[in-house]
Amino acid sequence: MNKLLKLSAASILAIGAYGVQADTLSDVQAKGSLSCGVSTGLVGFSSADSAGTWKGLDVDVCRAVAAATLGDAKKVKFVPLTAKERFTALQSGEIDMLSRNTTWTLTRDASLGLNFAGVNYYDGQGFMVKKSLGVNSVNDLDGATFCLQAGTTTELNLADYFRSHGMKYNSSLADTSAQSRNGFETDRCDVLTSDQSQLYALRTTLKDPSSAIVLEDVISKEPLGPVVRQGDDKWFNIVKWSLNAMITAEELGVTSKSAYARSNNPEVNRLLGNSGKLHDYLGLDKKWAFNVVSQVGNYSEAFERSIGKNTPLNISRGLNALWSNGGLLYSPPFR
């Protein structure tokens, strides 16, 4: 009883919300599928094609975790969520993880009972305008009306930037990115603002993509990545290292095809489960990372097929290049 009295209010809340012995891995394996929260449709990151197959960079993170935990990247139940719904769905246990172009911030990391398991895309808030406006910079947008999603960091960043620069603006809020795009296309606003990657994606869905441009200005840091509930360190580690497996595979030159080949590189062999016991520390099969890389691919493969230079989004690696190529992408060692 004395021990119970010493528990903080936060601890009691956490126990009530997540359980003393949260074990998401066991739950996922018992179900035989992974419930992964994604966007309601964002080309290149998470969207369903005409056959109902989900594709994109965020989708591939979900598939990587399924490959690591279930041995099959296809065993994912994708749950479309708006920006307003995403955190509640994760907190309530409706989904096992969230992989939905979500920005890692201190408030979200420390006050929602959630953990960010890494960054799968380094982004920043930008602006899309009609070419006919003749706008060249965000500083030309004083008094403009902006279309943006409610419940996002976009709202806060826009307010901060315009206040600090002595500028005024009006907002036209929407629940989904598709609604924001429709508002922009039907002239309910002058500017569509969101993460730059999202703007590139939305531009491809306009009736006339060539009618709009994405300005070069970036007003924020938006590190996007997968999210899990606090209170389950094992699951947190699994999601974190599934993403790291994709990054490390690119660093080591291991692709979905070459993963089957023999290697003399000790780190490659540790990564693919040919030696060592790293899998024991995660509570997974020794071929967990092999399954990730062989079934989903390394980070470069996922990037290029979803949003790279040969896709309609035509995004260069930029900040999302490996650290060794001038970017920010970096994985701790598999050791």
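The values are calculated or read from the model by the stated rules, or taken from the named source; none is laboratory data. What you are looking at is a predicted structure, and each value in this text was computed from that prediction instead of being measured. We place every Cβ from the backbone using ideal geometry, glycine too, and count neighbours over all the protein chains shown. Ligands, DNA and RNA are excluded from the accessible area calculation, which covers all protein heavy atoms including side chains. Shrake-Rupley method; radii C 1.70, N 1.55, O 1.52, S 1.80 Å.
Remark: pairs (first residue in segment 121-132, farther than 20 Å from Y161 by Cα; second residue open to solvent by less than 10 Å² (accessible area, probe 1.4 Å) and of a type in the set (G, A, S); Cβ separation under 6 Å; 6+ apart in sequence or on different chains) = K130/A212. Candidates in segment 212-225 are the residues that are modelled with pLDDT of 95 or more and over 20 Å from the mean Cα position of the chain (by Cα); of these, the one that is farthest from T311 (Cα to Cα) is D217. Conditions: (1) within 28 Å of Q295 (Cα to Cα); (2) small (G, A, S); (3) at pLDDT below 90. G19 meets all but one. Number of the miss? Status for G19: all satisfied but (1). Across segment 306-317, what is the total count of residues that are open to solvent by 10 Å² or more (accessible area, probe 1.4 Å) and free of Cβ contacts under 8 Å to residues at least 12 places away in the same chain? Total meeting the criteria: 3.
Select from segment 88-104 the residues that are over 13 Å from the mean Cα position of the chain (by Cα) and not aliphatic (A, V, I, L, M) and list them in ascending order. T88, Q91, S92, G93, E94, D96, listed by residue number. When G326 is evaluated against the numbered criteria (1) small (G, A, S); (2) open to solvent by 20 Å² or more (accessible area, probe 1.4 Å); (3) touching an Asp or Glu at 6+ places or on another chain (Cβ under 7 Å), which criterion, by number, is the only one it fails? Against the list (1) small (G, A, S); (2) open to solvent by 20 Å² or more (accessible area, probe 1.4 Å); (3) touching an Asp or Glu at 6+ places or on another chain (Cβ under 7 Å), G326 comes up short only on (3).
Yes/no per residue for (1) in a helix (DSSP H, G or I); (2) open to solvent by less than 10 Å² (accessible area, probe 1.4 Å); (3) at pLDDT 95 or above:
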residue: M246; (1), (2), (3): yes, yes, yes
residue: A249; (1), (2), (3): yes, yes, yes
residue: T255; (1), (2), (3): no, no, yes
residue: R270; (1), (2), (3): yes, no, yes
residue: G276; (1), (2), (3): no, no, yes
residue: K286; (1), (2), (3): no, no, yes
residue: A289; (1), (2), (3): yes, yes, yes
residue: V292; (1), (2), (3): yes, yes, yes
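Taking the criterion of being more than 27 Å from S316 (Cβ to Cβ) and open to solvent by 20 Å² or more (accessible area, probe 1.4 Å), the residues of segment 257-268 that qualify are Y260, A261, R262, S263, N264, N265, P266, E267. Applying the criterion of at least 3 residues that are farther than 17 Å from Y299 by Cβ and open to solvent by 10 Å² or more (accessible area, probe 1.4 Å) to the helices (runs of 4 or more DSSP H) found wholly in segment 43-124 leaves 86-92, 106-111. As a summary of the residue check, W235 satisfies the conditions (1) within 22 Å of N314 (Cα to Cα); (2) open to solvent by less than 10 Å² (accessible area, probe 1.4 Å); (3) part of a helix (DSSP H, G or I); (4) not aliphatic (A, V, I, L, M) except for the one numbered (1).
Please enumerate the residues belonging to segment 126-141 that are surrounded by fewer than 16 Cβ atoms within 10 Å (Cβ to Cβ) and part of a loop (DSSP other than H, G, I, E, B). Listed by number, the residues that qualify are G134, N136, S137. Considering each residue of segment 109-128 in turn, at least one proves to be more than 30 Å from A22 (Cα to Cα), in contact with a Leu (Cβ under 7 Å, 6 or more places away or on another chain) and hydrophobic (A, V, I, L, M, F, W, C). Within the set A66, A83, the sole residue that is at pLDDT 95 or above and either out of contact with any Cys (no Cβ under 6 Å at 6 or more places or on another chain) or at positive phi (or both) turns out to be A66. Of all the numbered requirements in (1) among the hydrophobic types (A, V, I, L, M, F, W, C); (2) assigned to a strand (DSSP E or B); (3) under 22 Å from Y122 (Cβ atoms), L173 misses one, and that requirement is (3). Candidates A144, A174, A159: the one that is aliphatic (A, V, I, L, M) and surrounded by fewer than 20 Cβ atoms within 10 Å (Cβ to Cβ) is A159.
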